[in-house]
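FYI, it's all coordinate maths here, none of it is from the lab. Please read these numbers as outputs of a predicted model, since none were measured by experiment. Positions of Cβ are backbone-derived with ideal geometry, glycine not excepted, and every protein chain shown enters the neighbour counts.
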Amino acid sequence: MTREFMIYKKIYNILNTILLFATNCRIYIGCRPSTVDAPAIILFPIDLSRLNCGFAGLMTCRMPKSQADFMADLTLGTLWGKIKKAGVQTCSTGKDFTENYLGGIKSLHAMNKAISDLKREDAQEFLFFQDGRSADLTLAGREMSNFLTHEEKCLEDQAASFNSTDLETINSRLILLKDICWMLEKDILANLQKVLQLTGAASPADVSPHAFRKFHKLNLLLNAVDRLEVRGRDSAGIQLTFVLKNEKAMQDTIRQINAMGLNEDYQRRIQKGDLVNTSIFIPANPNATHTGTSVTFTYKTFSIVGELGRNVADLRNDIQNDRILQCFAGLDAACETALTHTRWASVGSITEENCHPVNNYTTAYAFSECPLYPGIEPHINVVLNGDIDNYPALRQALETRGELIAPQLTTDTKIIPLQIEKYLKTGNNLPESFRLAVNDFEGSHAIAMTSNLEPGKMFLALKGSGQSIYIGVSEDQYLFSSEIYGLVEVTPRFIKMNGETTNGSASGQMLVLNQDRGGGIRGIDACFYDGKVIHLTDDAVQLAEITTRDIDRSSYPHFFLKEISESSLSIKRTLRGKYRISVTDPSSPRVSFNLGKDMVPETVCNGLRNGDIREIIVIGHGTAAVAGQAVADALSHYLKDTPVNIMSRVASELSGFGLKEDLTDTLIIPITQSGTTTDTNRAVAMARERGAQIISIVNRRQSDITTKSHGVFYTSDGRDIEMSVASTKAFYAQIVAGQVLGLFFAQILGSRTDNDIARALTNLESAPQLMDRIFENRDSIAASVKATAGKKYWAIVGSGPNKAAADEIRIKLSELCYKTISSDIVENKKHIDLSAEPLILVCASGNPDAVLEDVVKDAAIFRAHKAAVIVIADEGDSRFDQVADAVIGIPAALDPLPVILNTMAGHLWGYYAALAIDKEAQIFREFRSRLSNELTPRMLSRLSILDMIADAALHRMINQFYSLFNTHRQNNAFTELSSRTIVDLLLLLKYTAGRLPLRDFYQDFKNEKGLFSPFELLDVTLGKAIDELARPIDAIRHQAKTVTVGTSRKE
């Protein structure tokens, strides 16, 4: 046979194989590959291993208005008149100071109650239409802001003249007044303008009260989305539902729409289908006995890039310009509910259809009545956080009944309303149908649902530990959110659902919020998943410890960057009022510490003086343990040549292995950011039982550890909220607090002169200015990240005190960049690990010259072994220029400041490194979305795999991405991708572009279930690549689940 004949025969065999496959295979949509038999093509497969980076949901409903005269603004004005006359300069110190400062705590609490009353919907409505009253509040808010600025300045100047008890009173009340001022200006007054803008009207006179209520709800939810976006933001949706009281008003509105020339747009938007942007749902053939017509407006947006704020801006713009909504908004409604959601896509493409909420529409849709709701066309709307792990099986069962989900809708959330509808059709009411449906779902999930079948109710379900639901409870509103910061704008009081509780047979909780019971827990029905009733009491209601002031991101792109910018202020507040330096003779300054008995008990002072305390142990976990090492080093330095032995221990190590039966000679200094670290608190409790004295360094007032301590040293002002990676700015303040304690102890023991102590304190005072300089120079730190290209393994090194800096930088980089990173002493690193050719970040600033000379040599050794070397060094030190790939210059400073300054530079470097990695994921996000959009119409046209491979447009798009991917890869990008993912991508791009024969594809990608489509596997692999590269900064993966289990350490 000729060579040509052999080639033709081979081509024939290949084509025959492909044709046989294409003829016999079945096409699936949105299935898990392991659940179908070969041969099969699966478009938009479900891959349950993908990371859920953050879903969020929120809902609110209007409660009956209060009939009482509105007086809250006048009450607030009267209280403010009293409070502003009782500032630092006008209140005398002494026994009456606590009672009188800022009018006393009762006045502040009464003012806070007035603010809560002003957040009621009827109060907001009143202020919206009463320009004079709202103007008076605006003036009061401006006066408060100016007063607080003046008080802060007075406190800075006079802090040392107050004892620590009075200083704590001042700080705590100033925080409360700051919260009140912020809530007045931002949560109340600013929202009036935002609502007006949302209505599209020129002035409040152009808005009806009925319209205000609807736009007010939308505005609150849009505010919540803006805060919740840090947990997910590639798509967002919002929905408003209201039931009209007057059917005639409905007809009048339709005539108005016709007169405005909007009928064509209206008819398009009310077509039955899956929810898309600007969808309107009005049920057909409403029951004549029903209270009115239900109308639902839905708005959706998506963005592959996921830029913070973009989705909310898009939604606001669509709502503001919706002339049809403006027509309906002025109608009186019997009830109004609203629902919103923002997400990172884990299951389903990033498309408008996949944005939540989703409804119960199917391609085989027909108006079928539910037995208990005759004459009403059911409309079920759902949002989901988490995953429905058994979605493929539930979908397959659904589709055997002939109900098909549209191919472009690939989110697993879609199965929820359809499962609820299934039980409705069998004769169950809506609450029972919801309960039965959620019992069908496997996996951790948080679900919210509304329906026109029972308007004025909101249905919530939570199962597992991976998600959360908080229900904000106020007198006139329910507001739920998957994060507590989504609801504090409206109310600080909330109930937290527990998805892990069990009633013996079924875990999970279900709540139904009812509009018509007057608010509070009276309007909440609760049960377990098996139906057993949960009786809620007032004890279930908790009080949030944060306000929207704590969760304001300002103009920063991420909370992490904002919180680093606030680090210098945190140190200032930690130092404020803790001592006074008197300089009558420049050669002999005197230092007076202001650490009262509430901070350092007299028993500790006497124990140090008379030698009863012979050991000080600093404990903590994680970052706090690293800070503890730095504090122990400081104590060892300041208490040198005294009989006191100093050590630092990890708290669980102390409780497990280091406790003596008698600890009456021991002072324990636990360090904790939250005060709730289980391991630390247990060690403290065990040490106290054995007679140890306890002085805690903690960030939060009234936290658990404060009740176990004899004295408490609060960092900052006692409430430094960290929304991103916990214990970032707290780390710096913890070190400074430990320094102050060490200097105080040194004065008691006489191990340091006042001259030495004054110099050390003055040095600490210079830290904030030096930190601000580093932050201002952050662009140069960002530029140094380029040196990481091509380096998969990272290490952080530092010698002497800078070893603590290296350890802390390692922790934050591990959390930000999702990497396993080592830390070591500089000189030790050259003996190990260099064969990995890592990236090495060297903390060298502040080292003495003798050490620096060796560090320079070590850096040269690292580089000689092909490591990339980045050095944090003193500004102007050129010794590293020739031996490092990049040098980050930071201000030179005396100990202990280099530990803080090196760490801050390392934190910023980690932030920009995480951004650089996440930027690589964007390439795959964009291509995956384009591929999905191209495949959907081809799948609807029932093209075979061979046809799709031969499609010129698809072929061109894949080849372009192949070239882009290779270019980046050859330039040392994608080092965070696994080798398996890279190889799979290269092969699949070639197979889908027709560069390799399909017969080889089935060999390269064998599976026990048989054959796969290369397009389906490409989509799966792109998803894996995105997960491996995604670095969302503020949505740290380990924060998805709160670790509540710690050491029990039974005696």
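Each label was represented as a point 7 Å from its Cα along the Cα-to-Cβ direction; for Q251 and R323 these points are 2.5 nm apart. Is there a pair in K106/K572; K153/K803; K84/K153 whose C-alpha atoms are over 25 Å apart, and which pairs would that be? Beyond 25 Å: K106/K572; K153/K803. Label point 7 Å out from A782 along Cα-to-Cβ: which residues of segment 898-928 have amide N under 11 Å? It comes to 912-913, 915-916, nothing else. Mind checking which of T678, A737, G691 is farthest towards the positive end of segment 562-765's charge dipole, using Cβ charges of +1 (Lys, Arg) and -1 (Asp, Glu) about the Cα centre? Value: A737.
The aspartates and glutamates within cross-link reach of K990, meaning a Cα-to-Cα straight distance under 18 Å and a gap of 8 or more places when in the same chain, are E934, D947, D951, D1000, D1004, E1016, D1019. For segment 588-619, list residues with backbone N below 15 Å from a point placed 7 Å from the Cα of N645 toward its Cβ? The answer is 612-618. Give the residue from F129, A202, L575 lying farthest towards the positive end of the charge dipole for the chain; charges sit on Cβ (+1 for Lys and Arg, -1 for Asp and Glu) and the dipole is referred to the Cα centre. The one lying farthest along the dipole's positive direction is A202.
Subtracting the Cα-Cα distance of L139 and E689 from 0.36 nm times their residue separation leaves 192.6 nm of extension gain. Across the chain, Cα-Cα pairs farther apart than 44 Å form 44% of the total. To the nearest whole percent, what portion of all C-alpha pairs in segment 788-916 is separated by more than 23 angstrom? Value for segment 788-916: 21 percent of Cα pairs lie more than 23 Å apart. Extending 7 Å from the Cα toward the beta-carbon at both E399 and L964 defines two label points whose distance is 3.0 nm. Computed packing ranks the peptides 612-621, 935-944 as 612-621, 935-944, most packed first, by mean other Cβ atoms within 10 Å. Computed from Cα atoms alone, the Kirkwood hydrodynamic radius reported for segment 447-571 is 16.2 Å. Taking 0.36 nm per residue of separation and subtracting the current Cα-Cα distance, fully stretching the chain between Q193 and L996 would add 283.0 nm. Using the Cβ-Cβ distance between E602 and S555 with R0 = 45 Å, the FRET efficiency computed as 1/(1 + (r/R0)^6) comes to roughly 0.45. If I take all pairs of Cα atoms in segment 562-765, what percentage of them are more than 20 Å from each other? Summing the P(r) tail past 20 Å for segment 562-765 gives 53 percent. Checking the Cα-Cα distances for K186/K217; K578/K729; K217/K729 against a 27 Å cut-off, the pairs over it are K217/K729. Inverting the pair-averaged 1/r between distinct Cα atoms of segment 63-196 gives 15.7 Å as its Kirkwood hydrodynamic radius. Viscosity 0.692 mPa s, temperature 37 °C: give me the Stokes-Einstein translational D for segment 634-675 in µm²/s, with Rh taken as the Kirkwood radius over C-alpha pairs. The Stokes-Einstein estimate is 270 µm²/s.
Can you give the % of DSSP beta bridges in the chain that are antiparallel, to the nearest 5?
If I count the DSSP bridges inside the chain, around 65 percent turn out antiparallel.
Full extension of the segment from Q922 to E837, taken as 0.36 nm per residue of separation minus the current Cα-Cα distance, would add 27.9 nm. By the rule of a C-alpha distance below 18 Å, with chain neighbours fewer than 8 residues away ignored, the lysines paired with K422 are K414.
Take the residue pairs K113/K248; K562/K857; K300/K919; K463/K1024 and return only those whose Cα atoms are more than 30 Å apart.
Exceeds cut-off: K113/K248; K562/K857.
As a size descriptor, the averaged projected area of the C-alpha convex hull of segment 854-938 was calculated at 8.2 nm².
Per-residue packing, averaged as other Cβ atoms within 10 Å, sorts the ranges 747-759, 857-869, 246-258 into the order 857-869, 747-759, 246-258, beginning with the highest. Straight-line cross-link partners of K660 among the lysines, defined as a Cα under 21 Å from its Cα and at least 8 positions apart when in the same chain: K708, K1050.
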